Amino acid sequence: MKNKQYDIVFIGAGVISILEAVYQSKLGNSVLIVEKDDDVGGAWRPIDIFGFKNIENAIHYFLHDDVAPNFMVKNLNWQLIQTKNKQRLLKIKFIDKYIKFPFHNRIGRFLSYLIDPVFRKKDKNIFVKTLDLIKKIYQESGQTSYYIKGGAVEMIKTIKELLKKSSVRIELNTDIRSIEINDIDKIINLKSTKQSFTCSKLVLSHGSRLPKIKSNKKEYSPVEKFHPRPAVHLLVEDNMNTKIDQWIFSNNEIIKYVHDLTKFIDKKNRQPNTKVLVFALHPHIQKSSDIYSILHNEILKAGIVGKKSSLKDFHWTDVFLPTLYDKDLDHIQHEFSPCISFLKTENFARGIGYQAKKWSSKIKV
């Protein structure tokens, strides 16, 4: 039987890859997306825990970009909200207490950078480093992060609507086993766990899982980088009200940041005096029987929850950051162009910004 042929194949069904796939299909190209998981969305996919459906697996707040917000609002119909309710926490270790600053407070930011191990490296004169630090703080002033009011659920809903209206085909629960490029005919032969097929162009992203890439003249084995970023969800009973949504821990040895996910739970399913918090932990932290009580104790000290709060349930997730760097993707594209290209997806807002002008003429919810 003759192999199925496509103009373009994407490895990975992240949001940016799907937007580009839909765009290419509207140009008249036949497009296939191959995804190793059982649903689309990549890092944005929500999870079902604690009896709740579609809980954020983490809050990936969008960083500053000049172009992306306008495209998100006008073309994707996303209602954006600035994340103003953020705090920076610095732990005073000898008294085991925290001091808090508004996230964009310059004093808090200065102190946070000052205790950062990167700053303390002896690679520059301390005076020069301090001047660089002050310059950096002023340059970042006023750059607020933002997010979609409906959270990741709204994002996934949008891209699924776009896919449904397009001719893009998706193969879920599928891994790519081999990539062989015919340099003469400029055709890529692919084998997956389900079938064999060919395409004229292969599009990658930071999260693409790749086997060895072969052509008539060369071969390349991508070296995957695994960066563990463990995450924990806690279900907490707490009657203390707070207007803060995110807490950044500047010098905690376990916690990087905490987000309150409660507002993203469907209103009809929320429970009185019940909060769902997600913790991003440092890479070296491992799952243990006492980690959940340790985390609850830390947010008690930090005043994130009230003194009478109690831990009701918990959920551990092993998160891994993108396995391919820009330099890896640059190298693959350079070696196998024009057959292979890539999308920059590591910074979500910037990744949208790179393509927004091109997409605007074809993508509209």
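Structure values in brief
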{"quantity": "Qualifying residue in the range 348-365 (condition: surrounded by fewer than 19 Cβ atoms within 10 Å (Cβ to Cβ), touching a Leu at 6+ places or on another chain (Cβ under 6 Å), hydrophobic (A, V, I, L, M, F, W, C) and outside any helix (DSSP H, G or I))", "calculated": "yes"}
{"quantity": "Members of the range 73-101 found to be in contact (Cβ under 8 Å) with a residue 60 or more places away in the chain, part of a loop (DSSP other than H, G, I, E, B) and of a type in the set (V, I, T), listed by number", "calculated": "T83"}
{"quantity": "Within the range 152-195, strands (runs of 3 or more DSSP E) holding 2 or more residues that are crowded, with 20+ Cβ neighbours inside 10 Å and not small (G, A, S)", "calculated": "176-182, 187-192"}
{"quantity": "Unique residue being assigned to a helix (DSSP H, G or I) and surrounded by 14 or more Cβ atoms within 10 Å (Cβ to Cβ) when the list is L324, L295", "calculated": "L295"}
{"quantity": "Criterion violated by L114 - all others in (1) open to solvent by less than 20 Å² (accessible area, probe 1.4 Å); (2) at pLDDT below 85; (3) aliphatic (A, V, I, L, M) satisfied", "calculated": "(1)"}
{"quantity": "Residue count, the range 60-72 (criterion: part of a loop (DSSP other than H, G, I, E, B) and surrounded by 20 or more Cβ atoms within 10 Å (Cβ to Cβ))", "calculated": "1"}
{"quantity": "Pair list, Cβ under 6 Å, 6 or more apart: the range 147-174 residue under 29 Å from C199 (Cα atoms), other residue among the hydroxyl-bearing types (S, T, Y) and assigned to a strand (DSSP E or B)", "calculated": "T174/S192"}
{"quantity": "Residue list for the range 257-292, filter: surrounded by fewer than 18 Cβ atoms within 10 Å (Cβ to Cβ) and either touching a residue at least 60 places away in the same chain (Cβ under 8 Å) or assigned to a strand (DSSP E or B) (or both)", "calculated": "D266, N269, T274"}
{"quantity": "Count - residues of the range 196-219 that are farther than 20 Å from E20 by Cα, outside any strand (DSSP E or B) and open to solvent by 50 Å² or more (accessible area, probe 1.4 Å)", "calculated": "4"}
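For every residue, the table says whether it meets (1) at pLDDT below 95; (2) open to solvent by less than 40 Å² (accessible area, probe 1.4 Å); (3) of a type in the set (F, W, Y).
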| site | (1), (2), (3) |
| --- | --- |
| Y6 | no, yes, yes |
| F10 | no, yes, yes |
| S17 | no, yes, no |
| V22 | no, yes, no |
| G28 | no, no, no |
| L32 | no, yes, no |
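The values are calculated or read from the model by the stated rules, or taken from the named source; none is laboratory data. Worth saying up front: this structure is predicted, and the values here are computed from it rather than measured. So basically every Cβ, Gly included, is an ideal-geometry build from the backbone, and we count neighbours across all protein chains shown. For accessibility, only protein heavy atoms count, side chains too; no ligands or nucleic acids. Shrake-Rupley method; radii C 1.70, N 1.55, O 1.52, S 1.80 Å.
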